[in-house]
Amino acid sequence: MADLVARARALADDLLFPSAAEVDRLGVVPRSHFDALAEEGFYGLAAPDSGADLDQLVGVIEALAGGCLSTAFTWLQHHGLVAGLAATDRADLRERYLPDLISGRLRAGVAYAGVIPTPPRVRAERVDGGFRFDGEAPFVSGWDAIDLLQLSGRDGDTIVNALVSPIVGHSLVAEPLTLMAAQGTATVRLKLDNHFIPDESVFAQVGYDKFVAGNTFAARLNGCAPLGLAERCAGLLEAAGEAETAASLRSEQDEIRRRLNAGLADPATLPAARAAGADLVYRSAGAVAVATGSRAVLAGAHAGRLVREATFLLVAASRPEIRAGLLALARR
């Protein structure tokens, strides 16, 4: 495991970043990208016995995000189901799916953000033999690339987590979304209308407060993508002869990483740290555009894509507290 981060950086530099402009142009991540991640063993990092510590997880996610955001963002969703099945008491589901999820032979996405707001956007209602799901999951990524989906619905104060196949029908409709960046994530709006999920597909039922508290680690990892993209920007600035600017931005990266890690012990501080990371990547991408000059506005230029991707990261995986923090930073 010692070379885990080094392998991720090599993959980002040699494969992901050189093709990032083409992925952006086509709006599709080649399956070969995901196959390469599987070959490196990166699909099992969320498993308890992966051997990866926090610094390694952070290093891998940052490296991949700085290589190709569409690839990294789609791949990152996979780990929610890996962690969920690793912790379930449903041995049948764990034994059937977890080994293939860890190896990357099966690839997964998640749709659980809709249960966090009150009232929830996705509701689950107990019926004979299972649950009926209704509502809308506004952003579900990887639709064209996943084999399984973790679907979560809220039944009162309980979160119902189920394992489903991402197959559309009359009760489950996926509407493709056109994004201004990271179109390769194949993100859809998922609409559920009296969608029945049998008990045998439910792998966990968790109290709302426990579910939200359990998202602290995920919230910290969601802070990796902005820093990974910011580091790519710093590298481009350094290559353009702007070493002083790059060094200043890297110093900010280090401080934000420290704040994000501290947030694991004090979750109330995480939104401010997340906001600082999103603000940093936006400024870093702007600096790349300035250093690039007029060529930054040409289609296919790294600078223009990075500015759009930084904008995407201002709102991706966000919460009201992060939004408030970013607006406060804008008023400085």
Point-to-point label distance, Asp3-Ser171, nm (Cα→Cβ direction, 7 Å offset): 5.0
Amide H contacts under 5 Å for Gly130, placed H, 5+ residues apart: Asp199
Probe 1.4 Å, protein heavy atoms only - accessible area per residue of the chain in square angstrom: 45
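Quote to one decimal, in nm, the extra length available between Glu255 and Asp193 on full extension: 0.36 nm per residue of separation minus the C-alpha distance between them. Spell out each step's value before the answer.
Details: separation 62, 0.36 × 62 = 22.32 nm, distance 4.55 nm.
Result for the pair: 17.8 nm of gain on full extension.
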DSSP bridge orientation in the chain - percent antiparallel, rounded to nearest 5: 85
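Roughly how big is the chain's charge dipole about its Cα centre, with Cβ charges of +1 (Lys, Arg) and -1 (Asp, Glu), in debye to the nearest 20? All intermediate terms of the calculation are to be shown ahead of the outcome.
Details: 32 positive and 40 negative charges, 186 e Å.
With only Lys, Arg, Asp and Glu charged at Cβ, the dipole is about 900 debye.
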Estimated vicinal HN-Hα couplings, Hz - segment 118-133 in sequence order (Karplus 6.51, -1.76, 1.60; Gly, Pro = x): 10, x, x, 7, 10, 10, 10, 10, 5, 9, 4, x, x, 9, 9, 9
Spin-label model distance (nm) - Leu314 vs Asp100, 7 Å beyond Cα toward Cβ: 4.2
Rounded to 10°, Cα long-axis angle of helix 54-67 versus longest principal axis of the chain: 70
Karplus-derived 3J(HN,Hα), 6.51/-1.76/1.60, for each residue of segment 87-96, Hz, glycine and proline x: 9, 6, 8, 8, 4, 5, 5, 4, 6, 6
Residue-wise HN-Hα coupling along segment 78-85, computed from phi with Karplus coefficients 6.51, -1.76, 1.60 (Hz; x: Gly, Pro): 4, 6, x, 6, 4, 5, x, 6
Under-5 Å amide H pairs with Phe203, H placed in peptide plane, nonlocal only: Asn161, Ala162, Leu163
Between 0 and 90°, nearest 10: helix 243-262 axis offset from the chain longest Cα axis: 30
Sulfur and carbon atoms: percent of accessible area, the chain [1.4 Å]: 54
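Classify the chain from the C-alpha gyration tensor, please: rounded if a/c falls under 1.5, else prolate or oblate depending on whether a/b exceeds b/c. Please report the intermediate quantities before stating the final value.
Working: a/c = 1.69, a/b = 1.60, b/c = 1.06.
Cα axes put the chain in the prolate bin.
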Where labels lie 7 Å past Cα in the beta-carbon direction, separation of Ala87 and Val164 in nm: 2.1
5 angstrom amide H check on Val122, placed H, neighbours 5+ away: Val115, Glu136, Arg154
GNM result for the chain, Cα springs below 10 Å: residue of Leu11, Leu313, Leu229 fluctuating most strongly: Leu11
Cα-based helix-to-principal-axis angle, 302-315 vs the chain, degrees rounded to 10: 40
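May I ask you to order 85-96, 54-65 by the average number of other C-beta atoms within 10 Å around their residues, highest value first?
On the way: 85-96: 14.3, 54-65: 22.2.
Top of the packing list down: 54-65, 85-96.
The values are calculated or read from the model by the stated rules, or taken from the named source; none is laboratory data. This one's a predicted model, so the numbers in the text were calculated from it and none came from an experiment. Using ideal geometry, Cβ is built from the backbone for each residue, glycine included, and neighbour counts are taken over all protein chains shown. Quick note on the areas: whole protein, heavy atoms, side chains included, nothing else; ligands and nucleic acids left out. Shrake-Rupley method; radii C 1.70, N 1.55, O 1.52, S 1.80 Å.
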